[in-house]
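Down below is the structure, laid out as structure tokens.
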Amino acid sequence: MSLITSAIGQGFLWGILGIGLFLTFRILDFPDMTVEGTFPMGAAVCVAAISHGMSPILATLLAIVVGMVAGLVTGLLYTKGRIPILLAGILVMTACYSINLRIMGTSNISLLGKQSLFTNHFLESLPKYFDSVTLGLIIVIIVTALLAMFLQTDLGQAFIATGDNETMAKSLDIHIDSMKIMGLMVSNGLIALSGALVAQSDGYADVNMGIGIIVIGLASIIIGEVVFGNLSMNQRLVAVTCGSILYRFVLLIVLQLGFSTNDLNLISSIVLALCLMLPMLRKALHLDNLIKNSVKTPLPDKKVRNHD
Amino acid sequence: MTNPILELQNVTTYVNRHTPDEQKILRGINLKVYPGDFITILGSNGAGKSTLFNTIGGNLAVDDGHILVNDKDVTHLSEEKRTRFLSRVFQDPKLGTAPRMTVSENLLLAEKRGARRGLVFRGLKRQMPHFQEITSTMENDLSKRLNTPAGELSGGQRQALSFLMATIKRPDILLLDEHTAALDPKTSRELLKATDDRIREDKLTCLMITHHLEDALKYGNRLIVLDKGQIKIDVTGAEKQKLTMDDLYKYFEI
């Protein structure tokens, strides 16, 4: 039971990573590699600031700001510097590695005996692992609600339009460069927040904790989409967090099967690859028919969805 | 006499400039477009019709000459800034609409053209009656599909939506780049009719490229034939009325 609680808590904390990535990967429709640098950067900034005596709340906010700056750099390289987005992200991600080492002074710092967002009376009074569930849930709700509201504003709609059809957006007087930079900043700010929370939950920051992060974030998004199907924009935001929790369950099962934590990146990649190939596999293996035939009860018409 | 709303002075463009393959596309185009003009533009492939639109729209830099809008030089104005007074419908229905956003969301985006887009709620519900009204001017059930993502519309509906989006906020200049060419003959006729109605009603200034001689004769108050980057024919009003298909055939055979 405690394993499941822990997985849910982790799912929330990592879900923010998925939501951040959703902004660039799904809405703006490009892969942003900066993530691999900003996640550990959020962790590094937060832990370093706390160990220098800053309050955990301020340290977490500082992590968000630093993540946004990294996103800004990627955005400027991409839009003004005309560097392809994939390369711009890789450049910033690589630069972040050195910066993270500078920030921490060493490759790994512990929060042992220090304050964190998790060390307060209320959270410590909860049963084991419920602290990350509670805090994670609160932050996920705040982030999701703010983003959902943002996407319904004029600016948010212009942001969505930029990812949907750049030519059209341009012809409607939308500044697509500003939209992309804004998206990268908000996205990386959220990802750094996720890094800061995970570091505080784990009790340490490590310079290598960013490796494979993009796969984990994408897995949350894709699992959410595969499981929940066609959704509205707001529902999709929630589905990312659900996907993140489901992904933690998958990892839990895999670890129970006897794999070690060293195998996790391999397994993450396999899970993501399978999810991405699902539409193709479905067609090739006639999975839809298989499922239909095995469930003999005919579905009412409106529930049948066309998967394209 | 009123001042021209759009004026091209000796507009010239090249491809592969400063190389041995240098070629002039537009050869010193001089054109004055007056408010309320509805100009149909004919020309064979390579005559420079699309290049002409691209220079007016700002997608393509002018190598020589000037472009004036309302007596202001806009030759070096960016594409984005020009969208405040100019809108355009392309041949490809996919270019003019956001496929994952609904019809009404697309219209709302278009309505805010040139306005500040801030952190204000979009107010979609308030606009719905208005959208219902303008979409019902199209005879293709678009008004029944306001909440459908634009990507799920038929080509004709999608192009009708592109056209409405281009005109929902009145542009000073409307460029129609063969906007009915990708549609079947019936749908194409309907959209052209709706286009004509809308242009008359709002007294829009419009330039329309077409490949159909009949359409070029039937619509608009002025007709231009482009050939090898130059204006060969430019007729207005009664003179255009007198023009027949045979006259045009003769020009194209030369």
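No lab work stands behind these numbers, since they all come straight from the coordinates. Being a predicted model, the structure only gives us computed values, none of them experimental. Every residue, glycine as well, gets a Cβ built from its backbone with ideal geometry; the counts of neighbours run over all protein chains shown.
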Within segment A:127-158, the residues that are under 20 Å from residue A:17 (Cα atoms), touching a residue at least 40 places away in the same chain (Cβ under 8 Å) and either among the charged types (D, E, K, R) or facing chain B (nearest Cβ under 9 Å) (or both) are A:131
Single residue of segment B:83-98 satisfying the filter (closer than 26 Å to residue B:35 by Cβ and hydroxyl-bearing (Ser, Thr, Tyr)) that is nearest to the other protein chains (Cβ to nearest Cβ) = B:83
Segment B:99-123 - residue that is facing chain A (nearest Cβ under 7 Å) and of a type in the set (Lys, Arg) and, of those, nearest to residue B:142 (Cα to Cα) | B:100
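State yes or no: is residue B:121 under 19 Å from residue B:204 (Cα atoms) and of a type in the set (Phe, Trp, Tyr)? Walk me through it before giving the result.
Values: under 19 Å from residue B:204 (Cα atoms): no; of a type in the set (Phe, Trp, Tyr): yes.
No; evaluated as a whole, the condition is false for this residue.
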Can you tell me which residues in segment A:60-78 are small (Gly, Ala, Ser) and either farther than 26 Å from residue A:203 by Cβ or not in a helix (DSSP H, G or I) (or both)?
-> A:71, A:75
Selection count where residues are without any contact (Cβ under 8 Å) to a residue 40 or more places away in the chain and either crowded, with 19+ Cβ neighbours inside 10 Å or within 14 Å of the chain's Cα centre (by Cα) (or both), scope segment B:24-41 | 0
Looking across segment B:42-58 at residues that are of a type outside the set (A, V, I, L, M, F, W, C) and under 14 Å from the mean Cα position of the chain (by Cα), the single one that is surrounded by the most Cβ atoms within 10 Å (Cβ to Cβ) is B:55
Go through (1) surrounded by 15 or more Cβ atoms within 10 Å (Cβ to Cβ); (2) part of a loop (DSSP other than H, G, I, E, B); (3) more than 8 Å from chain A (Cβ to nearest Cβ) and name the single condition residue B:68 misses.
-> (2)
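If only one of A:174, A:191, A:181 is more than 17 Å from residue A:241 (Cα to Cα), away from every other protein chain (no Cβ under 13 Å) and β-branched (Val, Ile, Thr), which one is it? Write out each step before concluding.
On the way: A:174 fails: away from every other protein chain (no Cβ under 13 Å); A:191 fails: more than 17 Å from residue A:241 (Cα to Cα).
That would be A:181, the only listed residue that is more than 17 Å from residue A:241 (Cα to Cα), away from every other protein chain (no Cβ under 13 Å) and β-branched (Val, Ile, Thr).
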Under the condition of being under 24 Å from residue B:51 (Cβ atoms) and among the charged types (D, E, K, R), which residue from segment B:157-214 is nearest to the chain's Cα centre (by Cα)?
-> B:177
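Of the residues that make up segment B:109-127, is at least one of a type in the set (S, T, N, Q) and surrounded by fewer than 22 Cβ atoms within 10 Å (Cβ to Cβ)? It would help to see each step written out before you state the result.
If we filter segment B:109-127 for residues that are of a type in the set (S, T, N, Q), which is where we start, we get B:127.
Narrowing further to those that are surrounded by fewer than 22 Cβ atoms within 10 Å (Cβ to Cβ): B:127.
For segment B:109-127, residues of a type in the set (S, T, N, Q) and surrounded by fewer than 22 Cβ atoms within 10 Å (Cβ to Cβ): present.
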When segment B:71-82 is checked residue by residue, the ones that are of a type in the set (A, V, I, L, M) and within 14 Å of chain A (Cβ to nearest Cβ) are B:77
Quick one: is residue A:213 within 25 Å of residue A:28 (Cα to Cα), among the β-branched types (Val, Ile, Thr) and more than 14 Å from every other protein chain (Cβ to nearest Cβ)?
-> yes
Tell me which residues, restricted to segment B:9-57, are within 30 Å of residue B:170 (Cα to Cα), of a type in the set (A, V, I, L, M) and either touching a Ser or Thr at 6+ places or on another chain (Cβ under 8 Å) or in a strand (DSSP E or B) (or both).
-> B:11, B:26, B:29, B:31, B:33, B:39, B:41, B:42
Could you tell me which numbered condition residue A:53 fails, if it satisfies all but one of (1) of a type in the set (Gly, Ala, Ser); (2) in contact (Cβ under 8 Å) with a residue 60 or more places away in the chain; (3) not in a helix (DSSP H, G or I)?
-> (2)
In segment B:126-138, is there at least one residue being at negative phi, in contact (Cβ under 8 Å) with a residue 40 or more places away in the chain and within 11 Å of chain A (Cβ to nearest Cβ)?
-> no
Evaluate segment A:162-185: report whether one residue or more is free of Cβ contacts under 8 Å to residues at least 24 places away in the same chain and at positive phi.
-> yes
Please go through segment A:208-258 and pick out each residue that is outside any helix (DSSP H, G or I), closer than 30 Å to residue A:100 by Cα and of a type in the set (A, V, I, L, M, F, W, C).
-> A:209, A:211
Answer yes if at least one residue in segment A:52-74 is surrounded by fewer than 19 Cβ atoms within 10 Å (Cβ to Cβ), farther than 26 Å from residue A:19 by Cα and of a type in the set (S, T, N, Q), and no otherwise.
-> no
